[in-house]
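So the structure is just underneath, and the comments pick up after that.
The values are calculated or read from the model by the stated rules, or taken from the named source; none is laboratory data. From a predicted model like this one, the values you see are computed outputs, not experimental measurements. Cβ placement follows ideal geometry from the backbone for every residue including glycine, while neighbour counts extend to all protein chains displayed.
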Amino acid sequence: MLYYPYRERFCTGGGTNPLWPAMAIRLLWAATFGGRTMVKVRCFKCGHAFQLTEQYIANALAAEGVSGKPSHYTVECPHCRQANKVSLKRVRLPEPEELPEAEDAPAA
């Protein structure tokens, strides 16, 4: 039987996976990239996979005038333009960014 010196520190019990700490780090890295949390979406019509940031979803909901957190967000596939319904159950939406409004400059 092989001896894993880190097993006693990270694993509880005899039947757990000795590589659990490495797997947990990989899963956390895949969920957050560069400080931005991404929401992975796959189009149910064409199968095209794409990602959205939580900030993008928050800005789009603010532009639509939605207050609060809805249960779903509808996004169009960039490949075939099919509407896809994305669940926001596990998404933490940040505050929407305020875009600088263009002031009407008087014509000279």
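Of everything in segment 64-100 that is in contact with an Asp or Glu (Cβ under 9 Å, 6 or more places away or on another chain) and touching a residue at least 12 places away in the same chain (Cβ under 8 Å), the residue that is surrounded by the fewest Cβ atoms within 10 Å (Cβ to Cβ) is 92. Considering the conditions (1) among the charged types (D, E, K, R); (2) at pLDDT 90 or above; (3) in a loop (DSSP other than H, G, I, E, B), residue 85 is excluded by exactly one of them, (3).
Are any of the residues in segment 54-63 surrounded by fewer than 11 Cβ atoms within 10 Å (Cβ to Cβ), at pLDDT 60 or above and part of a helix (DSSP H, G or I)? Scanning segment 54-63 turns up at least one residue that is surrounded by fewer than 11 Cβ atoms within 10 Å (Cβ to Cβ), at pLDDT 60 or above and part of a helix (DSSP H, G or I). Scanning segment 43-53 for residues that are in contact (Cβ under 8 Å) with a residue 12 or more places away in the chain and part of a strand (DSSP E or B) turns up 50, 51, 52, 53.
On inspection, residue 9 does not qualify as modelled with pLDDT of 90 or more and charged (D, E, K, R).
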